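Shown next, in structure tokens, is the structure this report addresses.
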Amino acid sequence: MRAEDAYRRFAKYYNMYVQEFMDDIPVYLKLCEGAKDIAEVGCGTGRLLKPLLDSGYRVTGIDISDAMMSIAEMKLNYYIEDGMLELINHNFIKSYTSKQYDRIFVTFYTFNYLIHDDEQTQFIKNVYKSMKPNGIITIDLFYPKTMANPEYEDKWSDEKEYFHNGVKVLMKDNRKMIGEIEERIQIFSQEGISDEIKTCRRFVNKKDMYKLLKDAGFSKIRFVEGYDYSDLHELAVDESTTAGFMAIAEKL
Ligand SMILES: C[S@@+](CC[C@H](N)C(=O)[O-])C[C@H]1O[C@@H](n2cnc3c(N)ncnc32)[C@H](O)[C@@H]1O
């Protein structure tokens, strides 16, 4: 299933699924300081856009899924009317934007949905071209310490229960690793109707990410762990991480 197709079906469950996850927001707010033109690539339903806008930043949300962005549009319509938020359907795998930004955020493992080498390469090159000199890119990535996770590997997780607009929704989750690619099936059942959503994520290690950023022209490439800006743990390229880490780089 292509990312557009998966997210067209996932959109209605997305906010319910991510719940109120906010741990990463402070680090992005800190990285925005001094910036004028800010974009989030893979903005989805606006989880990060809202706190950026609430803090007074003018932001562009970019995504390939109209279904995800239509939820952001509903939620943040007053900022669109005020001219503070622009939502664009654009795919960086295919081209760069005519506008250039001084901050670009690729959050919550969005980059891990790019499966093929050439998609990753084109995406980073086009993002580079869409940045102003001295612009900073931040990419939040996932790379588990071990690919084999017997807890999840090819098993249905226990059904998890959510409430969505007052209606009970059950989710079953099955993941299996094929090399560095995680194939995941989630089944959401609501009032006897089920939606099966298949997504694939490719786990990218720091060494490969370093090369992608360097080859695209980025400098000052660093890797950090944790979301507390005052206490970010700097990681060496070959240091192992528990799961998530961020790549931060500059276009000089
Ligand atoms: C895991 S969601 C993250 C949404 C949001 N950033 C958040 O933090 O809640 C991934 C989002 O990336 C979008 N996406 C996937 N591939 C993309 C691409 N090539 N360019 C832009 N967005 C993409 C999906 O449509 C989806 O909205």
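With Cα atoms defining each centre, region 80-112 and region 155-216 are spaced 23 Å apart in the structure. One way to sum up the overall shape of region 175-246 is the equivalent ellipsoid from its Cα gyration tensor, whose semi-axes run 33, 16, 12 Å, largest first. One decimal place: the segment Tyr229-Asp118 gains 36.8 nm when fully extended, by the rule 0.36 nm per residue minus the C-alpha distance.
Its alpha carbons give region 57-137 an Rg and a Dmax of 13.3, 40 Å.
For Leu235, the residues whose modelled amide H falls within less than 5 Å of its own, excluding neighbours fewer than 5 places apart on the same chain, are Phe223, Val224, Glu225. For region 20-29, the Karplus equation 6.51 cos²θ - 1.76 cosθ + 1.60, evaluated at θ = phi - 60°, returns couplings of 10, 4, 9, 4, 7, 4, x, 5, 5, 4 Hz by residue, with Gly and Pro reported as x. FRET efficiency for the Lys198 to Leu252 pair, using the beta carbon distance and R₀ = 45 Å, is estimated at 0.65.
All distinct Cα pairs of region 1-83 go into the 1/r average, and the inverse of that average, the Kirkwood radius, is 13.3 Å.
In whole percents, the pair-distance distribution calculated for the chain from its alpha-carbon pairs, binned every 10 Å from zero, is 7, 29, 37, 22, 5, 0.
Please state the shape class of region 121-252: rounded when a/c is under 1.5, otherwise prolate if a/b exceeds b/c and oblate if not, all from the C-alpha gyration tensor. Verdict is prolate for region 121-252.
Report, in deg cm²/dmol and to the nearest 500, the calculated mean residue ellipticity at 222 nm for the chain, where each DSSP H run with n ≥ 4 adds -39500 (n - 2.57) and the sum is divided by the residue count.
-8000 deg cm²/dmol
According to the Kirkwood relation over distinct C-alpha pairs, the hydrodynamic radius of region 160-201 is 11.2 Å. When +1 charges are put on Lys and Arg Cβ atoms and -1 charges on Asp and Glu Cβ atoms, the dipole computed for region 1-65 relative to its Cα centre reaches about 200 debye.
Loop-located GluC sites (Glu not before Pro) across region 149-252 with a Cβ neighbour count of 13 or fewer within 10 Å are Glu151, Glu159, Glu191, Glu239, with loop assigned by DSSP.
Legend: ranking of residues Tyr143, Tyr78 from fewest to most surrounding C-beta atoms inside 10 Å; resulting order Tyr78, Tyr143.
We did not get these values from a lab; they are worked out from the coordinates using the rules stated. The structure presented is a predicted model; accordingly, all values stated were derived computationally and were not measured. No Cβ is skipped: glycine too gets one built from the backbone with ideal geometry, and neighbour counts run over all protein chains shown.
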